[in-house]
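Down below is the structure, laid out as structure tokens.
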Amino acid sequence: MIRDIIPEAAFNTWFKPIVPLKYEGNVLTIQVPSQFFYEYLEDKYIDLIQQTLYRKIGEGTILNYRILIEAESNTTVEMRGEPKLTVSDKKNQNPVSAKVPTPFDRVAPSEFDSQINPKYTFNNFFEGESNRLARTAAEAVGLNPAKTAFNPLFVYGKSGVGKTHLCHAIGSKVLELYPDKKVLYITAHLFKVQYTDARRFNTINDFINFYQSIDVLIIDDIQELSGLEKTQNTFFHIFNHLHHNNKQLVMTSDCSPTEMQGMEERLLTRFRWGLSTKLERPDKELRKKILKHKILTDGLTISDQVIDFIAENVTENVRDLEGVIVSLMAHSIINNREIDITLARRVMEQNIRFEKKKITVQKIQETVSDFYNIKKDLIQSASRKREIVQARQVTMYFIKKYTELSLSQIGIQVGNRNHATVLHACNTIKNLTEVDKGFRSDIQEIERLLQS
């Protein structure tokens with residue numbers, strides 16, 4: 001039934017690996033390959049699964065997961081699926097809104113939805129040189145909202161470097177330590193939509209009063225208010241009220257206040273009242289920390305060599321790193337193959353902007369000389385020793401393969417040889433790789449070193 005409803009690729013990825021184990025006492029137990037697998041099914045497909053179980057087995061069927069933690073020892077852990085309301089339950093239950101609180105929906109304090117995602121915390125926001133100041137300031141705000149010099153806290157940086165994670169981490173910490181405080185996370189886009197609705201329905205006063213009642217207001221992507229004069233004017237008054245009454249403000253943007261266009265100067269001045277701090281792209285060591293955590297939580301096994309390869313080549317942001325791991329897991333499950341560098345390279349080329357490192361003449365010369373354990377200067381020399389001649393020819397071969405230089409230009413780079421010498425060298429290496437298995441293996445190893 002499920003196979004007929006969802007695309008074949010999705011079925012093969014998320015349903016084919018499921019192993020049915022038993023059905024006892026209205027509970028169906030299935031085995032899934034990892035914790036990530038369980039979470040993905042619960043997030044994306046639980047309604048479909050439950051409808052199918054109710055139709056095929058009976059309403060009220062409970063789903064139980066057995067998660068395979070260690071394949072070799074068959075170590076597992078069991079998780080019970082989140083029960084969903086039956087049709088009769090829904091008829092008898094009072095509806096509760098799950099949307100962002102707005103000035104038009106009056107809710108009791110106990111029902112106030114902060115829109116904080118509890119999975120983003122300081123514990124899984126790893127520290128590195130690129131984010132140390134921002135993380136330290138954010139944690140200080142979470143511990144003592146509106147009682148530090150960081151009010152407002154303005155965090156900026158490119159997409160995917162962790163700004164939203166930091167927002168939710170602040171909110172989670174405040175809610176943990178101060179459960180009586182009203183904390184709200186909202187995107188600037190949703191803020192301006194709510195403002196537009198307030199104007200349309202003539203409820204601007206309610207809108208302002210609602211936001212002025214917040215203890216910790218966290219607005220993501222504040223740059224989206226650029227060019228919206230009336231929205232900015234309203235936010236200006238909300239900002240002033242909150243700051244004057246010792247309420248905490250946290251904002252993020254893709255650029256610093258000084259670089260922001262289309263924003264009123266009086267707002268930009270206020271953005272700079274507290275601390276403005278930049279989240280840089282994560283450095284390699286931080287990228288490795290993030291990868292290892294993601295791999296551990298998803299229940300995967302990936303070698304340090306592959307982790308290092310991914311960290312070396314996926315440099316832009318955290319989202320790309322996490323996306324690579326998810327894609328690797330899917331490819332590994334579908335094709336039943338080990339996650340190695342070849343698979344990692346293919347996944348990165350398909351799913352992200354993965355630019356192969358430029359292989360320079362200098363790198364080729366250094367790699368070849370290191371491989372043959374000879375001095376680089378000897379490749380440039382007129383020596384006719386067999387091992388040096390071969391190293392020289394291999395150098396020419398790879399320069400031709402990996403650069404745009406002409407034969408004459410290659411000759412100049414390798415001891416001022418002429419183009420005929422270069423052509424002969426390239427043909428010699430090509431012919432040797434076709435007939436000599438050992439030499440072909442050497443060439444493949446040099447190529448791997450060049451690409452690493």
Review point. Consider LYS294 against the criteria (1) crowded, with 16+ Cβ neighbours inside 10 Å; (2) under 23 Å from GLN451 (Cα atoms); (3) among the charged types (D, E, K, R): it satisfies all of them except one. Which criterion is unmet?
Key: (2)
Point to revise | Enumeration of residues in region 209-235 that are in a helix (DSSP H, G or I), without any contact (Cβ under 8 Å) to a residue 60 or more places away in the chain and either acidic (Asp, Glu) or open to solvent by 20 Å² or more (accessible area, probe 1.4 Å) (or both) | key: GLN212, GLN223, GLU224, GLU229, LYS230, ASN233
Review point. Going by the conditions given, is GLU259 within 24 Å of THR164 (Cβ to Cβ), free of Cβ contacts under 8 Å to residues at least 40 places away in the same chain and not β-branched (Val, Ile, Thr)?
Key: yes
Revision key, fill the gap. Flagged in region 237-259 as open to solvent by less than 20 Å² (accessible area, probe 1.4 Å) and within 18 Å of ILE218 (Cβ to Cβ), in numbering order, are ILE238, PHE239, LEU242, GLN248, LEU249, VAL250, MET251, THR252, SER253, PRO257
Check your understanding: With respect to LYS289, is the statement that it is under 16 Å from the mean Cα position of the chain (by Cα), farther than 30 Å from PRO257 by Cα and either assigned by the TED database to the domain that holds GLY160 or open to solvent by 40 Å² or more (accessible area, probe 1.4 Å) (or both) true?
Key -> yes
Practice item. State the number of residues belonging to region 136-167 that are among the basic types (Lys, Arg) and open to solvent by less than 30 Å² (accessible area, probe 1.4 Å). Key: 1
Practice item. Would you check if LEU423 is in a helix (DSSP H, G or I), out of contact with any Cys (no Cβ under 9 Å at 6 or more places or on another chain) and either under 23 Å from ILE341 (Cα atoms) or not assigned by the TED database to the domain that holds VAL368 (or both)? Key: no
Check your understanding: Which of the residues belonging to region 291-309 are among the aliphatic types (A, V, I, L, M) and at pLDDT 80 or above?
Key -> LEU291, ILE302, VAL306, ILE307
Review point. Restricting attention to region 413-433, and to residues there that are over 44 Å from the mean Cα position of the chain (by Cα) and of a type in the set (Val, Ile, Thr), which single residue is most open to solvent (accessible area, probe 1.4 Å)?
Key: THR421
**Study point:** Top-ranked residue of region 1-38 - restricted to ones that are farther than 13 Å from ALA330 by Cα and of a type in the set (S, T, N, Q), ranked as most open to solvent (accessible area, probe 1.4 Å)
**Key:** ASN26
**Study point:** Every pair of residues 6+ apart whose Cβ atoms lie under 7 Å, when the first sits in region 316-336 and is at pLDDT below 75 while the second is open to solvent by 30 Å² or more (accessible area, probe 1.4 Å) and not in a helix (DSSP H, G or I)
**Key:** GLU316/ARG281; ASN317/LYS158; ASN317/SER159; ASN317/ARG281; ILE333/PRO17; ILE333/PRO33
**Study point:** Residue list for region 232-255, filter: in contact with a Ser or Thr (Cβ under 8 Å, 6 or more places away or on another chain) and either modelled with pLDDT of 90 or more or of a type in the set (Val, Ile, Thr) (or both)
**Key:** THR252
Review point. Within region 343-364, can you find the residues that are modelled with pLDDT of 75 or more and not aliphatic (A, V, I, L, M)?
Key: ARG345, ARG346, THR360, GLN362, LYS363
Practice item. Return yes or no: is SER110 modelled with pLDDT under 95, in a helix (DSSP H, G or I) and either farther than 28 Å from ILE290 by Cβ or open to solvent by less than 10 Å² (accessible area, probe 1.4 Å) (or both)? Key: yes
**Study point:** Residues satisfying the stated conditions in region 39-60, i.e. open to solvent by 60 Å² or more (accessible area, probe 1.4 Å), under 13 Å from MET1 (Cβ atoms) and under 36 Å from the mean Cα position of the chain (by Cα)
**Key:** GLN51
**Study point:** Count - residues of region 260-278 that are open to solvent by 20 Å² or more (accessible area, probe 1.4 Å) and of a type in the set (Val, Ile, Thr)
**Key:** 1
Practice item. Being touching a helix residue (DSSP H, G or I) at 6+ places or on another chain (Cβ under 9 Å), over 15 Å from VAL368 (Cα atoms) and basic (Lys, Arg) is the filter here, so list the residues in region 392-446 that pass it. Key: ARG417, LYS430
Exercise for review: Run down LYS173, LYS192 and say which single residue is closer than 29 Å to THR258 by Cα, among the charged types (D, E, K, R) and in a helix (DSSP H, G or I).
Suggested key: LYS192
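The values are calculated or read from the model by the stated rules, or taken from the named source; none is laboratory data. All of these numbers come straight from a predicted model, not from anything done at the bench. We place every Cβ from the backbone using ideal geometry, glycine too, and count neighbours over all the protein chains shown. Accessible surface areas use protein heavy atoms only, side chains included; no ligands, DNA or RNA. Shrake-Rupley method; radii C 1.70, N 1.55, O 1.52, S 1.80 Å.
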